[in-house]
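FYI, it's all coordinate maths here, none of it is from the lab. It should be emphasised that the depicted structure is a prediction, and the values quoted were computed from it without experimental measurement. As a convention, Cβ positions derive from the backbone with ideal geometry for all residues, glycine included, and neighbour counts pool all protein chains shown.
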Amino acid sequence: MQPGGFQSSSKIVQWIEYRLPIFSFLDHSVGTQYPSPKNLSYLWNFGSLAGIALVIQIVTGIVLAMHYVPHGDMAFDSVERIMRDVNYGWLIRYIHANGSSMFFAVVYIHIFRGLYYGSYKFPRELLWWLGLVIFILMMMTAFMGYVLPWGQMSYWAATVITNLFTAIPWAGEAITEWLWGGFVVGTPTLTRFYSLHYLIPFVIFAIVFVHIWALHVHKSNNPLGVEMKTPKDSIAFHPYYTVKDMFGLGVFLVVFGFWVFYFPNYLGHPDNYIPANPLQTPPHIVPEWYLLPFYAILRAIPSKLGGVIAMVASLWVLFLVPWLDTSRVRSATFRPIFKQFYWLLVADVLVLGYVGAQPAEGIFVHIGRIATAYYFVHFILVLPFVGWMERPRPVPDSIAEAEAARHGRPSARAGE
């Protein structure tokens, strides 16, 4: 028997385990010795799917970096060469390009699942913070990656977004010139973005490990929002949830493959297949779909500085959610009023995404401002007020009791 209760009949495994207890560590972290709530739904698959999506992006990104040329005169042509001349270059690039969309889709579901079930509440505040840091780094990486093809939308998106830094008092001009590497967006800008786009995913990978570490301290939340109290509340992560995760991965890959092979350019912008031209501004500059809600918030404020502050605040307010939510009940399952406002928030974010894709004119300006106002009202006013005045439904004493009632069996308490 190896240290930590891990057992194996393999002599090779025993030899390695004695010198480096990696197998007992894995068994303790994601194996038969790791207890998980017995009532986790498929919404809990999206954490592991996000990790898989990150690995896909890193692997395909490394391969693309072998052929990409970060120079203003050659970047666009190098991307075309990857698509046409590199063996399976088209496939690798489409996987990488659509992989970012899949990555964000999975992470958005992961975040909104956390908001619904109160996964940010005590004692998981730091776990929530680490997840938000990963999300912000993802946004930075995605924006820089959007610039690399050096098409029309790439060039002008870089110009518009980096110009926002000029709104920062005193230091804005210096920061913008450092990002540009000069006085306009050009080759030095592309080189900087290429370097950071390559580096930050490895930083994300490191923070993901800390995120998982924090998760293992207090274990996963669950749909009831009730902590595990007895062994009857939990089951081993392996094989029960590893099998469940594998099924989720299969569905994910089918959906992913659908976009890669049937609609590889649907989520992109056709202007990005036109080489960057500093003398011709596109009629409508838009970021990728997963950044549109924040782009709408940026445009909702008439002042450039005010728009930047609002966009940054829309992210930072999420860090305060563990304290803005004053309810003692975690899960929205038992909070009927909160549940209604939650779905209103989801609708509001979808409206922001739609408005962000439209020209900043006419009725879209007014809709964007109303949706932006509600976004902040939801977190700053609605969340604490509802938590204070709402009377939640009774919460089960334990996961085992709730599961027994759900399946029509007498609970352990009833049998005592």
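A few notes on this one:
- Helix 237-262 vs. the chain, principal-axis angle (Cα, 0 to 90°, nearest 10): 30
- Arranged from fewest to most other beta-carbon atoms within 10 Å of their beta carbon, M311, M83 become M83, M311.
- Approximating the spin labels as points 7 Å out from Cα along Cα→Cβ, the F261-to-I274 distance works out to 3.3 nm.
- Here the extension length gained between A357 and V133 equals 78.1 nm, from 0.36 nm per residue of separation less the Cα-Cα distance.
- Potential extension, F122-D85 segment - 0.36 nm per residue separation minus Cα distance: 8.0 nm
- When each of the peptides 26-36, 99-109 is scored by how many other beta carbons lie within 10 Å of its residues on average, the order from highest to lowest is 99-109, 26-36.
- Cross-link reach list, lysines versus K11, counting only Cα pairs under 18 Å and skipping chain neighbours closer than eight places: none
- Computed from the C-beta positions of V395 and W323, the FRET efficiency with R₀ = 25 Å rounds to 0.75.
- Cross-link table K219/K339; K304/K339; K121/K304, entries beyond 28 Å C-alpha to C-alpha: K304/K339; K121/K304
- For F183 and I380, the difference between the fully extended length at 0.36 nm per residue and the C-alpha to C-alpha distance is 67.0 nm.
- For I235, the residues whose modelled amide H falls within less than 5 Å of its own, excluding neighbours fewer than 5 places apart on the same chain, are S36, K38.
- Cα-based equivalent ellipsoid, region 207-311: semi-axes from gyration tensor eigenvalues, Å: 42, 24, 11
- Residues F183, F165, F338, sorted so that the one with the fewest Cβ neighbours within 10 Å comes first: F183, F165, F338
- Point-charge dipole on Cβ atoms (K/R +1, D/E -1) for region 105-248, about Cα centre, debye to 20: 500
- Percent RCO, i.e. relative contact order, over the chain, from Cα pairs under 8 Å lying at least 6 residues apart: 21
- Ignoring aspartates and glutamates fewer than eight residues from K229 along the same chain, the ones with Cα atoms less than 12 angstrom from its Cα are D397, E401.
- Paramagnetic reach from A167 (point 7 Å along Cα→Cβ, amide N under 13 Å) across region 289-312: 294-312
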